[in-house]
1. Restricting attention to the range 65-94, which residues are part of a loop (DSSP other than H, G, I, E, B) and either surrounded by 11 or more Cβ atoms within 10 Å (Cβ to Cβ) or at positive phi (or both)?
2. When you check residue 61 against the structure, is it free of Cβ contacts under 8 Å to residues at least 60 places away in the same chain and exposed (fewer than 13 other Cβ atoms within 10 Å of the Cβ), yes or no?
3. Pick from the range 77-118 the residues that are in contact with a helix residue (DSSP H, G or I) (Cβ under 6 Å, 6 or more places away or on another chain) and touching a residue at least 40 places away in the same chain (Cβ under 8 Å): which of them is nearest to residue 28 (Cα to Cα)?
4. How about the range 50-75: which of its residues are in contact with a helix residue (DSSP H, G or I) (Cβ under 6 Å, 6 or more places away or on another chain) and modelled with pLDDT of 95 or more?
5. For the range 28-48, what are the residues that are free of Cβ contacts under 8 Å to residues at least 24 places away in the same chain, touching a strand residue (DSSP E or B) at 6+ places or on another chain (Cβ under 9 Å) and surrounded by 12 or more Cβ atoms within 10 Å (Cβ to Cβ)?
6. Considering the range 1-18 alone, what residues qualify as being assigned to a strand (DSSP E or B) and surrounded by fewer than 10 Cβ atoms within 10 Å (Cβ to Cβ)?
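The values are calculated or read from the model by the stated rules, or taken from the named source; none is laboratory data. Because the structure is a prediction, the values reported are computed rather than measured. No Cβ is skipped: glycine too gets one built from the backbone with ideal geometry, and neighbour counts run over all protein chains shown.
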């Protein structure tokens, strides 16, 4: 089982730092190459560059009242959620479907209903 991970292309976990402007300030984010690839795929679905996507994620999170103290961790979770939602069939894998056109409230409700109760 572990060979699937151990013998994967090590370039996937090579950290890359990218800088972009957010609200007039230069911001740098350091993520592994595979996370940048997923962010590129997410942005491409809505014709957004990665800097545009990150700017939108950041601002909409603040508008929602979230504390984005660790933006890099937030981005990693966004990538994993995107892939997980696709695997569970809650969002289509078809890249022609814009994420902004999906019924987010309905998807979140389905996700909550499937969550085990404690």
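1. Residues satisfying the conditions are 65, 66, 68, 88, 89, 90, 91, 92.
2. Judged against the criteria, residue 61 is not a match.
3. So, considering only residues that are in contact with a helix residue (DSSP H, G or I) (Cβ under 6 Å, 6 or more places away or on another chain) and touching a residue at least 40 places away in the same chain (Cβ under 8 Å), the one nearest to residue 28 (Cα to Cα) is 79.
4. Selection gives 50, 53.
5. The answer is 32, 33, 36.
6. Matches in the range 1-18: 17 only.
This table checks each residue for (1) over 18 Å from residue 32 (Cα atoms); (2) over 11 Å from the mean Cα position of the chain (by Cα); (3) modelled with pLDDT of 90 or more.
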| site | (1), (2), (3) |
| --- | --- |
| 83 | no, no, yes |
| 89 | yes, yes, yes |
| 97 | yes, yes, yes |
| 102 | yes, yes, yes |
| 109 | yes, yes, yes |
| 112 | yes, yes, yes |
| 115 | yes, yes, no |
